[in-house]
Each structure stands twice: as C-alpha cells, then as structure tokens.
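*Asks:* Please read through the structure below; I'll follow up with questions.
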C-alpha cells in the first residue's frame, strides 16, 4: 500500500518549502472574472510554499478566463465552482468553518460592490457574506481599469468594506490599469494577517544595506553589504504587526513598509534622527531602533569632476559620525539593537567585543558575526545574539530570513 505522502497531490510536495509562516493555516482563495486571474496559479503555489492549505472558489466569470482544472492543479484540491449539498461556503467560512482567511484575488469592481451591498449571487459573494457572519477575516485584492477603480461609487463601496474590517491590498497603477498587487505584496500581507502579532502596536525603525561615499561624479566608496538583513528584519517586524520604517539605499516597494532612501552615512544619520524626532514630537514615537546597516566608517574628499585614469590618485579617509552614538545620546529611552561585525576572531573574542560595545552604548541587543567567515552579500549568515543584563547568547546559523525571525522573536519577548 502506498504511503499517505506518496498519495498526495503532486503540487502539495512544495508545501512549506520556502517558509513555514503559514503552516496550519487554511486559506480560501476567491477568484473572480479579471484577466489577473491568470496570476492565481502562482499565488496559490506561493501560499502553499509558505505552508498554507489553499482551497479555490471561482465565480462563473472567472471560469471564462482560466479553467477550474488549472486551480485544482495549483492548489491540490478540487475547485468549488458552485454550491452543492456540502454547503461549501458554510463548511469553510461558517460559524464552525475551518478556514482562517478568505482571500479574494483578483477582485473585480462588480464583485467588490456586490459584497459591499450584501448581494450573494455568485459563489464568491456567497462565501464573503458567510465570512462576515462568522467573523472570519476577509482580504480583497482589486484589479480593474484605473477609471473604474477611481469611480466615486466604487471608492464608496470599498470604504464601506474597510469600515467593516475588510483589508484591501492596493493595486499597482500602470498603463491606465489598476493592476493586481504583486504576489510578494499579497503574501506579506497574508503573513501579517495570520501571524501571532508579536509586535502589534509597536513602531520600529530599521536601517539596512551599505552607504556610499562619493569620490567623484561616477565613483563611490562603499562595502559589500547586500542589504538583505535589513530588508528581512523589516519584513519580519511588519509580519508580526509592527509599524515599520526602513532607511536604506535600496528599493523594496512593499505596501505597508515605509521606505526612506539615502546614500551617504551623513544622509542615513540625518534621516534617522529626523524620523525619530518628528515621531516623538507627534506623540507617535518609535519603540525600537534596529541599526543593521553597514554604514561607511570613512568618507573621502569629493572631486566635482571625474578623476582621470592616467595618473595616480591618493584618497584621504576621514572618519564618519557614528549613528548609534548619536541616536543613543538624543533618544536615551529607545530600545536599541545594533550589529557588531569583526573579522578572523574566536567566538569568545567576538562575543566579548560585542559585550563591550553593548555596555559602552547601553544597547539592549547586539547581533555579532565574523564577516570573514561569510554573511556579507550572501543569502545566509551565522550570528550570535546578546541581550542586555543576560548571560545567555543565542547562536543562529541559516538564511538571513531565519535570523530575522529569531531576532524579532527575541525583541518581542523582552519588550
């Protein structure tokens, strides 16, 4: 007899392969008659790769764009195209339903407006009405022409749903269309909705990536940092319910994470201080400052014209200001996390140096690593996480995403 694993639908073998953030969660994916329905195959598979069980329900209009067999392949489950004797809408989204989320992606203007008005004349709208009655969360991902999206009538209906607790993931406006949000955006918002919300109501400022000190209009002095650690920390804090701002020289464009673009060390320092100060003055101060950026220790004298390559040039390195020192001096009450990078030292010496830095600057958490052994510009790293007034050290080796998960958990446990 075959094992249960071997009898699984082949597509379910990818379950949890990328991340396990949605393990144990059941998501009903509502698909309506937008051309963006073609993207639901990859969306369903990404949800599964993050650990979710996904069941699709399609409107009649959606079936004119993609065949139900396509989504059966994508989800590993028979697709619901009409309500039968199993009363599927109640089975999944009723008072005793076993679904954790009803995600409508893509959602047409027609479907959204019907849901807002309590009309249940399709499988998808019937599922939505049922979810409202049982308080199962609903997320909607609109996709349509931009003129329809900006219609005051549509906006009124969308606002009505938001007031009822429905979360709407904003579209991307291109080519006169309100296009469906990126799959990465949708996954991130689903993770946040279904997370433990360890950092709910917390505001977190994160720095990430390298800074660049200009030498001339073309050349810069920088380092090998990829910025991946800062991005993963910002994403994980967002998933756990925090209000997140990321100061860096990259662009991630995730809906919900505020980004401040900087290049030089001075720009990063000024941006962080201004953000922290304006937040404090508005009464919405930041709770945590995480300095994971690889800020340039030195700057050079800037040459307004390109340096010629025919002759030798000498660069004079001038020390930059220290972000952590300035933030600690100006905001002594903020919970501060810093990184300590060393090269070619023993683990004991690495931890000792991190502990000295923690004591000197009154840091709450220090993440230490030996960059000679890796971590700069790579997908993974090996770090040691130290906590203020505690002897234990947490050792984490793995993907930077996994390190971010552990760091955010540690922060949430001590806040």
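The values are calculated or read from the model by the stated rules, or taken from the named source; none is laboratory data. All values reported here derive from a predicted model rather than from experimental measurement. Note that each Cβ is placed from the backbone with ideal geometry, even for glycine, and that neighbours are counted across all protein chains shown.
*Asks:* Going residue by residue through region 124-134, is there one that turns out to be surrounded by fewer than 21 Cβ atoms within 10 Å (Cβ to Cβ), free of Cβ contacts under 8 Å to residues at least 12 places away in the same chain, assigned by TED's automatic domain parsing to the domain that holds residue 34 and not in a loop (DSSP other than H, G, I, E, B)?
*Replies:* For region 124-134, residues surrounded by fewer than 21 Cβ atoms within 10 Å (Cβ to Cβ), free of Cβ contacts under 8 Å to residues at least 12 places away in the same chain, assigned by TED's automatic domain parsing to the domain that holds residue 34 and not in a loop (DSSP other than H, G, I, E, B): absent.
*Asks:* Can you tell which of 18, 86 is assigned to a loop (DSSP other than H, G, I, E, B) and farther than 25 Å from residue 120 by Cα?
*Replies:* So the residue among 18, 86 that is assigned to a loop (DSSP other than H, G, I, E, B) and farther than 25 Å from residue 120 by Cα is 18.
*Asks:* Name the residue, out of 348, 301, that is closer than 21 Å to residue 389 by Cα, in the same structural domain as residue 377 (by TED's automatic domain parsing) and without any contact (Cβ under 8 Å) to a residue 24 or more places away in the chain.
*Replies:* After ruling out the rest, the residue left standing is 348.
*Asks:* List the number of the failed condition for residue 110; all other conditions in (1) within 21 Å of residue 82 (Cβ to Cβ); (2) surrounded by 22 or more Cβ atoms within 10 Å (Cβ to Cβ); (3) in contact (Cβ under 8 Å) with a residue 40 or more places away in the chain hold.
*Replies:* (2)
*Asks:* Now for a different question. So which residues in region 357-380 are outside any strand (DSSP E or B), at negative phi, touching a strand residue (DSSP E or B) at 6+ places or on another chain (Cβ under 9 Å) and free of Cβ contacts under 8 Å to residues at least 24 places away in the same chain?
*Replies:* 357, 373
*Asks:* Here's a check for you: in region 272-296, which residue that is in contact (Cβ under 8 Å) with a residue 24 or more places away in the chain and surrounded by fewer than 19 Cβ atoms within 10 Å (Cβ to Cβ) is nearest to residue 408 (Cα to Cα)?
*Replies:* 287
*Asks:* Turning to a different aspect of this structure: If you take the residues of region 157-186 that are assigned to a loop (DSSP other than H, G, I, E, B) and over 17 Å from the mean Cα position of the chain (by Cα), which of them is surrounded by the most Cβ atoms within 10 Å (Cβ to Cβ)?
*Replies:* Kept after step one, since they are assigned to a loop (DSSP other than H, G, I, E, B), are these residues of region 157-186: 164-166, 169-171, 175-176, 180-182.
Checking which are over 17 Å from the mean Cα position of the chain (by Cα) leaves us with 164-166, 175-176, 180.
Details: 164: 11, 165: 10, 166: 21, 175: 7, 176: 9, 180: 26.
For region 157-186, the residue satisfying everything is 180.
*Asks:* Condition check: surrounded by fewer than 16 Cβ atoms within 10 Å (Cβ to Cβ), assigned by TED's automatic domain parsing to the domain that holds residue 140 and either under 30 Å from residue 403 (Cα atoms) or in contact with a helix residue (DSSP H, G or I) (Cβ under 8 Å, 6 or more places away or on another chain) (or both). Does residue 24 satisfy that?
*Replies:* Yes.
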